[in-house]
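Worksheet for the structure shown next.
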Amino acid sequence: MHDAATHRPAQPMKPPRMPRRLNLVLLFFTCNLICYMDRINIAVTAPVIMKDLGWNEAALGIILSSFFWGYTLLQIPGGWLADRYGGKKVLSIGVLWWSLFTLITPLAKTAGAMAIMRSLMGLGEGVNFPSIQSLASKWIPVGERSRVSGFILSGISVGNIIAFPLATWIMTSLSWHYVFYVFGLFGFIWFIFWYRCAAERPEEHAGIHPQELAYITANRPELPPVEKIPWQLLFSKVQVWALVVNHFCISWGFFMFLTWLPTYLVRAHGFSIKEMGFYSMLPYLAMVIGSNGAGWLADYCIKKSGNITLIRKLFHTISLTGGSIALIYLAGAQTKTAVITLVSCALGLLSITGSTTGPNAMDIGPRYAGIIMGMQTTAGNIAGIVVPVVVGFIVSAYNRWDLIFYIAAGVLMFGALVWDLFATGEQVLE
């Protein structure tokens, strides 16, 4: 167990003006951006595809869920592979794989074929977050992790902000097929920059300044390669389970909107396709602000208080409790303005978890950061599998959107309770 002083910069060295780790952080950010553009394209195009191919809400729910079948399979193995063999290699393969299956998605003509295609695409995206977490634990000094995690995760929101209007424009100008063709190309372009600029560890980067290298190594734990995963030890730590459970709860709320927001706006509140394309990006703009603002503020508060656990718990409680309240009000919202405002509040508040659950794997077990991230994202993806089907069933059978929001609010409140009782910001795994 380490106290808070262990996490403070060991030396007051000032890094170079344009550090190499900034390049890596930008690549992480854009990787998440592309990852979520490719993930959400099916949700944006769903109202048109449903009409074109004759799907109902129940069929769409299964298709939206199918992405997570493949995505979940590689979360823990992806984390182990990244920690053992290198996040750069693992992420490279993942990006090329999911970009290919995004590109060829329109070849699927039936609901079953589309489900298989989305599942295979999800298989590639499954290594994304564990690989990034594994690399970040080697590159990012402890005192920068809240804001770096917040910024990297805000790539998700920026990807959604870009995806909604861009996909709508492509869809209305050409056809829904071209959304997948265009989005699939972005990953191949990203890979060119990744291959040229990224390195597994700062010690292996040919262009890194000696001052930056010294700064990084002085302000991170020593991380020998993981030869064998101590599963029994990991499973015995209640702090690990607090993180895993909360990733499930947060993902329930997030994936509910990610997969169903366009259809909800069009079918429940009469938004046109163009209105949906514009207004759907506003909640994700709120997420960019929330994620980055909370990240910077959390690092500042940790520096001033010296208490990582207190700040992680305070920010997380505000996030999940506030998000629950917004969802309860959303259940009774009637006007378009109220709906967009409350969805924006809910997602903006949930984005604060980028500074809590985001860096927590590096807090509690930096050597196993990729593996722990794989565990927590596996839990999150179980929510991703379940929630689209639950929403599709409830809407198809009962036409009850309000019930969906009440359920999500309850899940978030349960997560906040578990976090406040059991989570920590201190290192518990050597």
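The values are calculated or read from the model by the stated rules, or taken from the named source; none is laboratory data. Note that the structure is a prediction, hence the values are computed from the model and not measured. Heads up, the Cβs are rebuilt from the backbone with ideal geometry, glycines too, and the neighbour counts pull from every protein chain shown.
Is it the case, given these coordinates, that residue 286 is in contact (Cβ under 8 Å) with a residue 60 or more places away in the chain and in contact with a Phe, Trp or Tyr (Cβ under 6 Å, 6 or more places away or on another chain)?
So residue 286 fails the test.
State all residues of segment 408-430 that are part of a helix (DSSP H, G or I), among the aliphatic types (A, V, I, L, M) and more than 26 Å from residue 50 (Cα to Cα); if no residue qualifies, say none.
409, 411, 412, 413, 416, 417, 418, 421
Just to check your reading of the model, which residue among 347, 330 is in contact (Cβ under 8 Å) with a residue 12 or more places away in the chain, within 30 Å of residue 279 (Cβ to Cβ), in contact with a Pro (Cβ under 9 Å, 6 or more places away or on another chain) and not small (Gly, Ala, Ser)?
From the options 347, 330, the qualifying one is 347.
Within segment 63-108, which residues are at pLDDT below 90, in contact with a Ser or Thr (Cβ under 7 Å, 6 or more places away or on another chain), among the aliphatic types (A, V, I, L, M) and more than 17 Å from residue 376 (Cα to Cα)?
64, the sole residue that qualifies.
Please go through segment 56-91 and pick out each residue that is over 30 Å from residue 200 (Cα atoms), buried (at least 23 other Cβ atoms within 10 Å of the Cβ) and either among the β-branched types (Val, Ile, Thr) or more than 20 Å from the chain's Cα centre (by Cα) (or both).
Those that are over 30 Å from residue 200 (Cα atoms), buried (at least 23 other Cβ atoms within 10 Å of the Cβ) and either among the β-branched types (Val, Ile, Thr) or more than 20 Å from the chain's Cα centre (by Cα) (or both): 60, 61, 63.
Go through segment 123-143 and count every residue that is surrounded by fewer than 24 Cβ atoms within 10 Å (Cβ to Cβ) and over 14 Å from residue 366 (Cα atoms).
1
Under the condition of being among the charged types (D, E, K, R) and crowded, with 16+ Cβ neighbours inside 10 Å, which residue from segment 273-315 is farthest from residue 49 (Cα to Cα)?
Across segment 273-315, the extreme among qualifying residues is 299.
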